[in-house]
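Have a look at the structure below before the remarks.
Derivation of every value follows stated rules applied to the coordinates shown; laboratory data play no part. Note that the structure is predicted; figures quoted are calculated from it, not measured. Neighbour counts run over all protein chains shown; Cβ positions are idealised from the backbone, glycine included.
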Amino acid sequence: MAGIYVHIPFCKVKCHYCDFHFSIQQHNLNQLVEAIEIELVSRKDYLDNESVKTIYFGGGTPSILEPKLIEGLLNRIYQNYFVEEDCEITLECNPDDLSEEKLFSLKSLGVNRLSVGVQSFDNQILKFMNRAHSKQQAIQSIERAMACGISNITIDLIYGVPNTTIKSWEKELYQMLNLGVPHLSAYCLTIEPNTVFGNWHKTGKLEPLADQISLDQFQYLMEFMSLNGYEQYEISNFAKPEKISKHNSAYWKGDKYLGVGPSAHSYNQIERGWNIANNPRYIKNIHNEEAIYTAEKLSTQDRFNDYVLTRLRTKWGLVQHEMEEISAKDAEKAVKILKGYIQSGEVLLKDDLFLLTNKGKYRADGISADLFAD
């Protein structure tokens with residue numbers, strides 16, 4: 001089974017922390033959606049006729065699109081791919097886009113999961129990040145979605161924000177809990193170079209939060225979510241029973257997926273590739289039948305490292321015999337290193353799974369790098 005990711009590279013405003021590919025100029029929005037429809041048809045063989053179990057509209061801000069455009073994209077998918085009846089169809093959205101009329105339209109099109117970019121329930125923080133919505137709009141959008149019958153909702157929240165405390169982070173989490181949101185993606189603020197925050201940091205206008213306070217907020221997050229019945233199935237993702245993201249889980253488990261739209265990535269277990277990250281060039285090349293996609297064939301080393309990087313972050317962990325099936329030599333080295341991390345309390349061996357402990361989750365990227373094939 002496979003997934004399809006549709007990248008919609010448009011936003012109303014540029015958030016101060018964001019370094020994703022998008023544009024706030026929407027004059028060619030219709031032409032770009034038309035080009036994505038053409039790509040969906042031209043690349044229909046990429047997934048080798050595997051059934052599609054998840055469709056994910058990401059961005060950017062897909063909720064900018066009128067429902068008619070979303071309908072056109074879904075029609076292209078249904079016409080050219082075998083889509084399972086219980087397919088999870090997720091749309092990323094901003095709170096200020098979710099009117100009652102739009103929500104009912106999305107539901108009628110088959111959208112059954114919303115990923116709402118809340119980021120914070122604090123108006124000062126939202127203003128600091130240059131978000132387009134308010135706390136009240138965020139709360140109302142979630143309540144409105146549930147009233148319209150879309151209860152499978154995830155929200156994003158950001159911790160590690162300058163001048164925040166454990167107390168202010170606790171307040172954010174309680175607001176999420178009180179709304180009955182069944183899934184949370186929580187990310188530590190990263191100051192990326194080519195962003196407003198990156199420029200502020202470079203010129204001394206922004207002082208990042210101390211690492212220890214960010215770690216304390218992460219520790220509190222894990223404890224809070226566990227106490228309130230959420231499972232941490234990936235380092236940044238927490239879900240109530242039966243509400244785990246099928247789409248993102250497929251990424252971490254190494255399932256095939258096709259990504260369409262500018263800058264979208266694809267993976268079919270043989271190669272991985274990426275589309276050009278330029279909207280006008282993408283549209284032009286699609287219509288001229290010129291290349292939009294660059295691919296690289298995966299070596300044994302690539303496949304081993306991908307497995308380690310994605311699986312170690314999750315509750316599914318590293319399985320010794322699965323590592324050995326990719327590369328016995330690299331698996332042997334990795335197991336020796338993992339035993340050292342067991343001694344330090346950062347990795348746990350449970351049945352045949354190597355899993356990160358809460359202590360190890362602080363250093364997930366570093367541990368993964370130590371395990372990589374040379």
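Note on Asn178 and Ala369: their simple-model spin labels are 4.1 nm apart, each label 7 Å out from Cα toward Cβ. If you take all other residues with their beta carbon under 13 Å from the beta carbon of Thr190, and give Lys and Arg +1 and Asp and Glu -1, the sum is -4. With P(r) over Cα pairs in 10 Å bins from 0, in percent in mind, check (1) 5, 25, 35, 25, 8, 1, 0; (2) 5, 22, 31, 29, 13, 1; (3) 5, 22, 31, 24, 13, 4, 0, 0 and report the label derived from this structure. Here the calculated entry is (2). Cβ crowding within 10 Å ranks Phe121, Phe104 as Phe104, Phe121, fewest other Cβ atoms first. Beta bridges per DSSP, both residues in the chain: antiparallel share near 40 percent.
Near Asn123, within a Cβ-to-Cβ distance under 15 Å, what is the net charge of the other residues, with Lys and Arg +1 and Asp and Glu -1? Display every interim value, and only then the final one.
On the way: positive: Lys127, Arg131, Lys135, Lys171; negative: Asp96, Asp122, Glu172.
Net local charge, Asn123 excluded: +1.
Only counting other Cβ atoms within 10 Å, I'd like Ile337, Ile150 sorted with the fewest neighbours first. Please list the in-between numbers first.
Working: Ile337 12, Ile150 20.
Fewest-to-most ranking of Ile337, Ile150: Ile337, Ile150.
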